[in-house]
Each structure stands twice: as structure tokens, then as C-alpha cells.
Amino acid sequence: MRKILVLGGTAWLGSEIARQLVANGDAVTCLARGDSGGSPIGAAFVQADRYSPDAYAAVADQSWDDVVELSYEPVLVRGAIDALAEKAKHWTLVSSVSVYASNSDAGADESAPLLDPADLDDYGQAKVAAEQASLEALGRRLLVIRPGLIAGPGDGSDRFGYWVGRFALAQDGPVLSPVAESRAVQVIDVEDLAAFIVKAGEDDLTGVINATGDHHALADVLALAAEVAGFAGDRMVVADEWLLRHDVHYWAGPRSLPLWLPEADAAFAQRNNAAFHAAGGGLQDLRRTMQRCLDFERRLGLDRERRSGLSRAEELNLLDQLPR
Ligand SMILES: NC(=O)c1ccc[n+]([C@@H]2O[C@H](COP(=O)([O-])OP(=O)(O)OC[C@H]3O[C@@H](n4cnc5c(N)ncnc54)[C@H](OP(=O)(O)O)[C@@H]3O)[C@@H](O)[C@H]2O)c1
């Protein structure tokens with residue numbers, strides 16, 4: 001039986017990893033404050049604030065077959081390394097494709113240049129600093145996983161679920177859409193990502209891997225979302241310039257159209273995932289992810305206040321302003 005320490009395990013991805021590790025028969029301990037939720041049934045929970053000097057006291061005198069690090073705050077990452085690196089056979093750092101310096105080279109692989117980690121308040125740069133600190137301390141015991149956009153029930157960012165939720169809410173009414181034919185989406189289901197992290201640890205995989213899905217045209221993803229939602233209205237396709245002029249934002253956050261990327265950043269959704277596939281990474285059918293996202297959106301409420309996307313009122317107001 002493997003002994004795994006999950007640094008986190010109470011939030012979205014971390015709890016799915018811990019749940020799958022338990023299901024795999026591993027002995028799992030999650031260390032977190034508990035502010036984000038509980039750890040999954042079957043995992044031991046150590047409550048600790050990683051900013052406190054004795055945060056790792058309860059786990060640092062044990063040996064671990066794998067430590068799974070979910071934080072990107074360099075202070076927390078370094079603290080964990082100092083306390084635990086000598087006790088770990090294998091270490092998995094969950095990083096991000098946001099570490100890359102450029103999003104203009106479609107198909108770029110893991111060797112592409114990284115951001116300069118000068119500003120640790122910047123998400124991508126902090127992830128680079130976390131990767132560098134981990135590599136320095138752990139060397140060939142380290143696996144760096146760089147996920148692309150993660151999708152599935154439980155996503156607190158409200159990005160991927162926006163479209164299927166919006167089509168379900170609008171039903172026969174129109175839905176505002178960016179130009180989608182020439183754009184790409186690359187997404188990995190939270191279940192598939194967790195399964196890959198579990199398998200990679202078991203296989204003692206090291207190095208760096210982009211853990212992300214295959215590319216799909218945004219238009220195909222929107223068509224699938226509409227179909228899954230039973231949408232019978234029109235998708236009103238609007239040019240980028242019009243959307244930007246009307247204060248609609250790219251990608252995420254309030255008053256945005258999720259998954260819509262500037263043309264210059266198109267390669268953000270076209271990362272090379274050959275290493276992921278070669279290492280045995282599996283991807284479920286996007287339709288299943290979409291259906292699970294719709295179920296989740298319905299549970300939360302289709303017309304709720306969202307972290308990402310347009311409210312239906314904002315969208316109808318914008319549709320009203322379209323030239324006829
Ligand atoms: N969402 C995406 O599309 C996407 C894409 C690429 C990469 N990623 C990466 O995927 C990972 C997602 O992880 P996640 O979903 O499990 O959520 P998360 O919110 O990033 O997880 C943070 C974990 O650390 C714990 N934590 C935070 N501060 C702490 C402290 N001071 N002391 C102890 N524990 C602390 C939290 O638990 P408590 O609050 O209970 O303490 C939580 O379990 C992240 O590394 C993220 O950067 C996400």
C-alpha cells in the first residue's frame with residue numbers, strides 16, 4: 001500500500017485526487033486548514049495552516065511514497081520542501097500551462113520558454129517560481145504536471161460550465177457568441193486529470209508534462225454545449241471589436257465570454273499534449289464532461305450570479321444593442 005501526502009485535498013482538484021487515491025487502495029493523508037471543505041472519506045486529515053512554523057510537525061517524521069503539492073504560493077511550496085523533501089520518494093507538483101512565456105506558438109511542447117518569475121503576485125510567474133524551487137530541491141524525484149483549463153462539476157471559476165448553462169437557460173432565446181470557427185478550446189476533465197496524477201505517481205513518472213485535452217474548435221464545443229442543453233434558439237455571432245467596445249472581456253471573470261481568447265493568445269488552447277498521451281493519460285468524451293457540467297450548473301442555479309460570464313440580463317441588454 002502506497003503512503004501519499006496531499007498538500008491540500010480539501011478543494012476541487014485536490015479532493016478528487018485524494019478520492020481517487022483512496023479508491024486505488026492507497027493510504028492518503030490530506031494536510032490543509034479545512035477552510036475549503038473536508039477531505040474525502042477514507043483519507044486522514046491533518047489540520048494545519050501552512051504559514052505557521054510548525055505546520056508540518058504531524059507529518060514530517062514519516063516517509064511518503066508521494067507528496068502531491070497543489071499550492072502555487074512560493075512561500076508555502078518552499079516550506080513544504082524544507083520540511084518534507086528528504087522524506088519523499090516521489091513528489092508531484094501541480095503547476096499550470098500559465099507558466100509559458102508565449103501563447104503564440106501552436107503545438108509548443110514542455111520545452112517552450114517560461115515566464116521570468118519576477119512578480120510573485122502573478123499566477124503564472126508564481127507557478128514558475130514554485131517549479132524552480134521544487135526542481136532545485138527534488139531533482140529527479142520531481143514530476144511537474146502542467147494542466148490546461150480544468151472542467152467538471154465543482155469548478156469554482158465558472159468558466160467551462162458557462163456555455164452549457166447559458167444554452168440551457170436561454171432555451172429558445174438568442175445567445176451571444178464570439179466568432180468561434182477559427183478558435184480553439186483545450187480542456188481536461190477534473191476526473192481525467194486526477195486519474196493521470198494517481199497513475200503517474202504509481203508509475204514513478206518524473207519530468208514535466210502538459211496535462212491537457214485535445215484541441216477542439218470553439219464552434220464545435222459551443223455546438224455540443226447547445227445540443228446537450230437542448231437549445232433551440234439562435235447563436236448570435238459578434239465580432240471581437242464589437243464585444244470589446246461594449247466592455248465584454250475575454251476568457252474569464254465578470255462580464256466575460258468564457259473560453260474566448262484574443263487571437264494573439266490562441267496557442268494557449270493549443271498546447272502539445274503528446275507526452276500526456278504517451279504516459280497513458282486518458283481523456284473522456286467531451287460530451288460526458290458537458291453533461292456533468294450541465295447537471296452541476298442546474299444544481300447551482302442557471303441564473304445565479306457567476307464568477308465568469310455575462311449575467312442573462314447583461315447578455316439580453318447587449319443583444320438589444322446589436323445592429324439590426
Ligand atoms: N482551475 C483550472 O482550470 C486550473 C488550470 C491549471 C492549473 N490549476 C491548478 O490546479 C490546482 C487546483 O487545486 P484545487 O482545486 O485543489 O484548489 P486550490 O484552491 O488551488 O487548492 C488549494 C489547497 O491548498 C489548501 N491551502 C490553501 N492555503 C493553505 C494554508 N495556508 N495552509 C494549508 N492549506 C492551505 C486549501 O485548503 P484549505 O482552504 O482547506 O486550507 C486547498 O486544499 C492548483 O494548483 C491550480 O493552480 C488549475
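Quick notes on this one:
- Selection within region 39-53 - part of a loop (DSSP other than H, G, I, E, B) and either at pLDDT below 95 or touching a strand residue (DSSP E or B) at 6+ places or on another chain (Cβ under 6 Å) (or both): S39, A43, A48, P53
- Subset of region 88-101 [farther than 16 Å from L149 by Cα and either within 15 Å of the ligand (Cβ to nearest atom) or modelled with pLDDT under 95 (or both)]: W91, T92, L93
- Test: L120 is over 21 Å from E16 (Cβ atoms), touching a residue at least 24 places away in the same chain (Cβ under 8 Å) and part of a loop (DSSP other than H, G, I, E, B): yes
- Checking each residue in region 8-43 for being more than 9 Å from the ligand (Cβ to nearest atom), of a type in the set (S, T, Y) and over 16 Å from W64 (Cα atoms) picks out no residue at all.
- Matching residues, region 57-76, being more than 10 Å from the ligand (Cβ to nearest atom) and either farther than 21 Å from L193 by Cα or in a loop (DSSP other than H, G, I, E, B) (or both): A57, A58, V59, A60, D61, Q62, S63, W64, D65, P74
The values are calculated or read from the model by the stated rules, or taken from the named source; none is laboratory data. Predicted model, so just to flag it, every value in this text is computed and none were measured. Glycine gets a Cβ as well: all are built from the backbone with ideal geometry, and neighbour counts include every protein chain shown.
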